[in-house]
Amino acid sequence: MSEVSARLDLPLIQPSQAQKHVTHNEALQVLDGLVQAVLEETGATTPPFEPVTGQMFALGANPGGDWAGQAGRLALRIADAWLFIAPQEGWRAWDKASAQYKVWQGGAWVEIVPGLANLAGVGLGTGWDATHRLAGAAEASLFTHAGPGPQL
C-alpha cells in the first residue's frame, strides 16, 4: 500500500499504524491550504518575519531563509513549520498581492484572462438574447466613434 495519495501526496493511514490521528490531521491541513487556495503572493523569495498558520506563498526562482532550495513550490504554514508542495498543472489560486486569479501552467503562475473575443452576446446591467446580442440597461449611456457621423 502506498504511503501517500496519488495526486496531492496526502499521507495515508497505514495498517497497524500508531497515532493515526497525526497522519489524518496532516492530510486535513494540506487540504485546508489547497482547497479554494489563496496565495499571499506569487514569486515570493523571503519568508515573512512572523508567519501565520494557514498562509501560503508561491515561491519564486531563488527563495532564501526557511524557503531555500524550494523554488517553484508552494510554501504552506502549518503550526510552527513550512510544508512545501509542488503545484500541478491546472491548479488555481487567488493571489492576494496582485488581486488576480492565477493558474499553474507551464511551470509558472499565470493570470487567468477571460476570453472576450467573439462572444455570442453581452449584457450590461441586463441579459442579452438572440435578437439583442448587445444589451444595456443604465441611467445613461455614451457611445463614441472615430469616423464622421453617427455609427450606431
With Cα coordinates, the longest principal axis of the chain makes an angle with the long axis of helix 20-34, in degrees rounded to 10, of 20 degrees
Cut-off of 10 Å, at most 13 other beta carbons, DSSP loop: longest stretch of the chain lacking such chymotrypsin sites (Phe, Trp or Tyr not before Pro): 50-142
Spin-label point model (7 Å from Cα, Cβ direction): what's the residue 130 to residue 81 distance in nm? 6.1 nm
Distant-in-sequence amide H partners of residue 39 (H built 1.01 Å from N, under 5 Å): 94, 95, 96
When the accessible area of the chain is computed with all protein chains present and a 1.4 Å probe, what percentage of it is carbon and sulfur? 54 percent
Run the helix sum for the chain: -39,500 (n - 2.57) per DSSP H stretch of 4+ residues, divided by residue count, reported at 222 nm to the nearest 500 deg cm²/dmol. -3000 deg cm²/dmol
Treat every Asp and Glu Cβ in segment 63-134 as -1 and every Lys and Arg Cβ as +1, leave all other atoms uncharged, and give the resulting dipole magnitude about the Cα centre to the nearest 20 debye. 60 debye
Can you tell me the length gained on complete extension of the stretch residue 146 to residue 35, counting 0.36 nm per residue apart and subtracting the Cα distance? 35.2 nm
Ignoring trypsin sites (Lys or Arg not before Pro) buried by more than 16 other Cβ within 10 Å or outside DSSP loops, the longest site-free run in the chain is 8-95
Gain upon complete extension [residue 24, residue 97; 0.36 nm per residue less C-alpha separation]: 23.1 nm
For residue 45 and residue 117 in one chain, what is 0.36 nm times their gap in residues minus the Cα-Cα distance, to one decimal in nm? 22.3 nm
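The values are calculated or read from the model by the stated rules, or taken from the named source; none is laboratory data. Keep in mind it's a predicted model, so treat the numbers as computed, not measured. Glycine also receives a Cβ, built like all others from the backbone with ideal geometry; neighbour counts cover every protein chain displayed. Surface areas here come from the heavy atoms of the whole protein model, side chains and all, with no ligands, DNA or RNA. Shrake-Rupley method; radii C 1.70, N 1.55, O 1.52, S 1.80 Å.
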